[in-house]
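The values are calculated or read from the model by the stated rules, or taken from the named source; none is laboratory data. On a predicted model such as this, the values are computed, not experimentally measured, just so you know. Don't worry about glycine lacking a Cβ; one is built from the backbone with ideal geometry, like all the others, and counts go over all protein chains shown.
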Amino acid sequence: MLEIAREQAPVAKDDAPSSPRLIEADVMQVPGPDLAALRRAAESARRKPESEYGVNDWIERAFAAFSDNRLELAAVYFGEASTARDASPSDVFQALLNRAIVLNRLERYAEALELSNDLIGRLRGNQLGASDSQNVLVRSSKGYALSELGRYEEARSTYDEILEEFGESADPEVHTLIAAVLLNKGLVYDRLGRSEDEVEVYNEIISRYGFEAEGEAREDVARALLNQAITFGQLQKFDQELEAYDLLIRRFGAEDGLIFREQVAFALYNKGVAIQRTLPEQAIVMYDELIHRFASAPEFALRVQVAKALVNKAFLLNSLERWPEAMAVCDDILVTYGFAEEVEMREQAAKALMNKATALSELGRLDDAIAVDDETLSRYARAQEVELRGHVASALRDKGILLERLGRTEEAIRVLAEVDSLFGNEIDLDIRLEVAEALVDLGHALGSAGRHDEELSIYDKVISRYSTAVDEGIQTQVLRALAGKTAAIGRLG
């Protein structure tokens, strides 16, 4: 029986770790320390007719909406602030810059780019008296939008212009913002496939700011180190990859801030993934450390990493033939995450069920393994998310294989045929592979039942449907079908 949920991919680079921050007056942050006062001011503004609003009323409501993650409203209110009767040219600029930043967060990149370009035009001659930090922010907003629109060379050029003009600024606020600019430039190189250049950008962040940096610049150093480690892995520089993960864990492992805890969790997880094929016991140690550090963390991102670490631990225990331990880990996952609402958690529970079925199968408890597959089908058969539908296809195929092993061939044939009937038109690559594998297994089962004409028809179906597929896994199934067809014809004489 094939092992399900063999491995999970490492954590990817954050696609937008340093999107430009909102500004109010000259402070480049969302007011957080006195959020209650902010909401009281917004509530006070709401009690007035909007026709009497001034710029500060709209700004207060915009920030309150932003703090509550009501981004569409925040964008509207910043726009209203820019047209308030008492808004100065500087107020207008700040409100529109905040609107551009919110538009980026709403993934309305074309609008954000248009507005950012308009603001850059207004800055010519600096008649608004804009600060250097405001200049950096509006250009960063432009670079961010360009990158998200796939215009990577233009984004890189925009970031380079910022670095050329402001990279050596002694202004502490600008100095902090430059770290974010460099980090986003590194991600542009990632999207351009220029990994060596990307590594150099991360080196520049680390050397420029060092491990004694403070505030948001320190957070960006941690992010740069994680991204650098991932890039080393892409370049197959595995020793340097592991060294970077170790350095991140050593330098930031004791930090309390969420950003640091996330980077450390990602580093522990990715290091486990990197070494699990060659050093499975050490990989389990990495996963155990992650679980120990963050098992009680309330933050969703950390909870996901703990769940994924548990799933990978169960897989490794299976690969080491420590079946009872693997099942115990799977049961822990199901108790903790089995009925979570978030799709990311439900997916980890589905993987735990698959790995538990694998362990039971290897212990010869085939009926129990089928019962676990049935639990997967019961939980997720109606799921619409592609991640969960893939696990339903896997469970069906696994059940068919187990039924065949139990000599219940006709039942196996019905179940394996159901994989194709339910998922044959899916475009997701993983599900397509499950269907191809299930069809070849169906051919073998039909042959075992002596239904050779149907067996040959199934092999021909696989060859016809998938012969032009470029995926290596699917092409392997085409070869299996060709071999099965040849053997079947040979048996028929």
Of (1) surrounded by 15 or more Cβ atoms within 10 Å (Cβ to Cβ); (2) modelled with pLDDT of 85 or more, residue 106 satisfies every one except (1)
Could you list all residues from the range 445-465 that are assigned to a helix (DSSP H, G or I), surrounded by fewer than 20 Cβ atoms within 10 Å (Cβ to Cβ) and of a type outside the set (A, V, I, L, M)?
448, 452, 453, 454, 457, 460, 461, 464, 465
Filter the range 231-279 down to the residues that are more than 20 Å from residue 313 (Cα to Cα) and of a type in the set (Gly, Ala, Ser), then identify the one that is surrounded by the fewest Cβ atoms within 10 Å (Cβ to Cβ).
254
Evaluate the range 261-272: report whether one residue or more is touching a Leu at 6+ places or on another chain (Cβ under 7 Å) and of a type in the set (Ser, Thr, Tyr).
yes
The correct count of residues that are in a helix (DSSP H, G or I), surrounded by fewer than 19 Cβ atoms within 10 Å (Cβ to Cβ) and more than 20 Å from the chain's Cα centre (by Cα) in the range 294-322 is 1
Options 489, 427; residue that is modelled with pLDDT under 95 and either buried (at least 20 other Cβ atoms within 10 Å of the Cβ) or out of contact with any Leu (no Cβ under 9 Å at 6 or more places or on another chain) (or both)
427
For the range 164-269, list the helices (runs of 4 or more DSSP H) that sit wholly inside it and hold at least 3 residues that are touching a Lys or Arg at 6+ places or on another chain (Cβ under 7 Å); which are they?
172-192
Condition check for residue 107: at negative phi, without any contact (Cβ under 8 Å) to a residue 60 or more places away in the chain and either among the acidic types (Asp, Glu) or in contact with a Pro (Cβ under 6 Å, 6 or more places away or on another chain) (or both)
no
For residues that are hydroxyl-bearing (Ser, Thr, Tyr) and farther than 30 Å from residue 287 by Cβ, scanning just the range 200-230, find the one that is surrounded by the most Cβ atoms within 10 Å (Cβ to Cβ).
209
